[in-house]
1. Could you compute how much accessible surface Met311 exposes when probed at 1.4 Å, giving the result in Å² to the nearest 10?
2. In region 180-326, what percentage of the DSSP-assigned beta bridges are antiparallel, given to the nearest 5?
3. Given an 8 Å cut-off on Cα distances and at least 6 residues of separation, report the relative contact order of region 189-249 as a percent.
4. Per residue, how much accessible area does region 47-88 show when a 1.4 Å probe rolls over the protein heavy atoms, in square angstrom?
5. How large a share of the accessible area of region 219-281, in percent, is made up of carbon and sulfur atoms when the probe is 1.4 Å and the other protein chains stay in place?
6. Give a residue-ordered list of calculated ³J(HN,Hα) values for region 244-261 (Karplus: 6.51 cos²θ - 1.76 cosθ + 1.60, θ = phi - 60°; whole Hz; x for Gly, Pro).
7. Please tell me the relative contact order of region 139-282 in percent, rounded to the nearest whole number, where contacts are Cα pairs under 8 Å and at least six residues apart.
8. Between Ile236 and residues 5 or more places away or on another chain, which pairs have amide H atoms under 5 Å apart, with H built 1.01 Å from N, and which residues are they?
Amino acid sequence: MNRRKGLVVAAVGVTGALAWLCAQERPTFRIKVDMVVLSFEVTDNKGHYVNGLKPSDFHITEDGIKEKINTFAEGNRPPVQVGDDGSTRPLALAENNAGKEDVRADSFTGTNVFLLFDTSNYMYRGFVFASDAIADFIRGLDRADSVAVYTFSRNLSRAATLTRDRNDAIFGLRKAVAGDDSALYNGLLLTLRDAARIPGRKVVIVFSNGPDNASMIAPDDVRAVAEDEGIPIYVISTSEVNKDPVSSSIFRRISTRTGGKAYFARTWQKQVEAFENIREDLGNSYTITYYPAPNPNEGFRRISVEIASDMAHKYRVRARPGYRPRGGF
């Protein structure tokens with residue numbers, strides 16, 4: 001087991017009931033304890049985004065231990081390196097990327113968006129409207145963002161790999177067809193596996209009707225992987241919140257614990273509105289990285305983001321609560 005860059009957290013065992021996974025690579029996750037990526041939003045008491053804050057405006061702690069910010073970025077702007085004295089400078093490109101086209105500074109400019117679209121038979125009635133809402137969202141992403149489109153029913157399909165070409169992503173989306181059972185949490189786990197391999201800021205957006213009748217993975221196990229890897233999960237559910245209380249509760253828990261949000265949007269107008277809200281989140285968030293200070297805690301490490309300002313009592317920070325440097329499921 002290789003421990004140089006992280007710790008193998010978990011591998012999904014293959015059983016007779018999981019025979020469909022045999023044809024795919026064994027899902028292995030690594031927690032990169034050498035660097036933590038933390039994305040969060042700051043809002044005022046009226047829910048408006050607070051922009052223009054600087055690295056010196058934030059105090060980051062793990063289990064009460066103060067952490068030094070390594071890089072800092074606001075929205076989709078290029079990140080800056082933060083010095084020991086709090087000064088900032090542009091983040092230099094890696095030497096081995098010199099001369100290549102379309103190279104992003106340390107891969108932290110923009111957001112890597114992984115869209116997971118429910119194409120099970122539960123989505124049959126609203127399939128066309130859902131596809132249109134997703135396509136509009138893709139077209140409206142910031143030019144610095146990359147997007148991948150995955151679809152799932154019983155199995156996961158990578159309809160469009162991570163790209164900045166909006167036409168390629170939408171072409172992959174339009175190839176999707178509805179049908180078969182729903183294995184949402186299996187598909188979400190495999191999507192997180194792919195996202196975890198990509199450096200920089202990433203989010204997963206799940207568009208689903210809600211019920212799952214074919215997964216062999218528990219939703220909280222999937223949530224723990226996203227939490228530990230620092231990948232926010234946004235969920236747009238097309239069902240009414242009261243009609244499927246089990247799925248609704250799971251969606252809220254998964255999104256809240258990873259720093260995302262859950263939306264319950266029955267109509268296509270509400271679905272479009274939910275996507276617009278997510279796009280605003282991506283454009284108004286802060287992303288920092290830091291190398292954790294020595295900490296004997298090998299369990300759940302609680303992250304705290306505090307604002308060092310006289311206005312701090314009027315601001316609200318939404319971020320994931322922490323991560324596990326070791327552990328598994």
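1. Rounded to the nearest 10, that gives 80 Å².
2. The answer is about 20 percent antiparallel.
3. Relative contact order here is 45 percent.
4. Ligands and nucleic acids excluded, the figure is 51 Å² per residue.
5. Answer for region 219-281: carbon and sulfur cover 48 percent of the accessible area.
6. 9, x, 5, 5, 4, 5, 5, 4, 5, 5, 4, 6, 5, 6, 9, x, x, 9
7. So the answer I get is 18 percent.
8. Val206, Phe207, Ser208, Tyr263
The values are calculated or read from the model by the stated rules, or taken from the named source; none is laboratory data. Keep in mind that what you see is a predicted model, and the values were worked out from it rather than measured. Cβ atoms come from the backbone with ideal geometry, glycine included; neighbour counts cover every protein chain shown. To get the accessible areas, we keep the full protein, side chains included, count just its heavy atoms, and leave off ligands, DNA and RNA. Shrake-Rupley method; radii C 1.70, N 1.55, O 1.52, S 1.80 Å.
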